[in-house]
Amino acid sequence: MHIFHPGPKLERWNRIFQSDGRALIVALDHLPSGLMKGWEFPEQTLELIIEGQPDGLMTNFGILKQFSTLLSDNLGTILRVDGGPSYLLEEWPDYSRWEAFFSVEDAINVGADAVIINAFIGGRSEVDCFRVATKMASDCLKLGVPCAFEPIPSGKMVKNEFSPEMIAFACRMAAEFGADFIKTLYTGDPESFKYVTARCPIPVLMAGGPKLDSERSLLEAVKGMIDGGGSGIFVGRNVWQHKNPPAMLIALRKVIHENASVEEALEFLR
């Protein structure tokens, strides 16, 4: 478990991570990729998410500002502070540029408990990402705010972005550049994910990724991530595009925080 000295950073950390050192975080920062099903009506979706009692929510500045009253007392919040072109200009993740759009002070002003930035390692915007990431890590340290990096292997040198070697390299680079915790791709099974977590000195959480074909697929991945030393999940479409988002979140919570089996979580969903 990652330990901070007492103070604002620890208080903010404890609003996201539970006493077991794990976190269930809902991701809602997808708008640059287009207006997706399940996120058309923000207030309605946020109410469903809160009903499912996740530990945290990752989203954009305007959502935290607009819905601060709804979110403030219910769950920890993480602000996406960086960005690049929308899908109308360039395709994920091959961006030619990447910038900080908001500051750590902006995050504090909208009540965020942490910030998150991307790092397209191997991509055209790699140096831009490193510049944003290191500046953000430094500012977060000064202001007592946890900082998450999302390192994503990309570019022509990467033949398989899910390989444990690539993910381990990306996560280790994020850790050495100053991240407090990481959101990254799941390598597919517990043993290969252990290869990643064993080489990274900070908590590693998996990204939920695109909508999967079944509830079992998601729950098996989450169970494998936990068995592989992972510390939780950032889950988006697989929750808010589910027919019953609160129930899906409770099933995920059972696996992450109660060490339930996949079958036990599926039985709850039934």
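The numbers here are math on the coordinates, done by the rules we state, and not lab data. Note that this is a predicted model, so its numbers are computed, not measured. Note that we place each Cβ from the backbone using ideal geometry, even for glycine, and neighbour counts take in every protein chain shown.
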Exercise for the section: Quick one: in the stretch 162-199, of everything that is over 17 Å from the mean Cα position of the chain (by Cα) and assigned to a loop (DSSP other than H, G, I, E, B), which residue is nearest to A100 (Cα to Cα)? Expected result: F177
Completion exercise
Those residues of the stretch 215-247 that are within 21 Å of F17 (Cβ to Cβ), in contact (Cβ under 8 Å) with a residue 60 or more places away in the chain and not small (G, A, S) come to a total of 5
Exercise for the section: Kindly indicate the residue of the stretch 164-181 that is of a type outside the set (A, V, I, L, M) and out of contact with any strand residue (DSSP E or B) (no Cβ under 8 Å at 6 or more places or on another chain) and also farthest from A198 (Cα to Cα) among those meeting that condition. Expected result: E176
Completion exercise
Those residues of the stretch 213-240 which are within 17 Å of the chain's Cα centre (by Cα) and either of a type in the set (V, I, T) or assigned to a loop (DSSP other than H, G, I, E, B) (or both) amount to V222, I226, G229, G230, S231, I233, V235, G236, V239
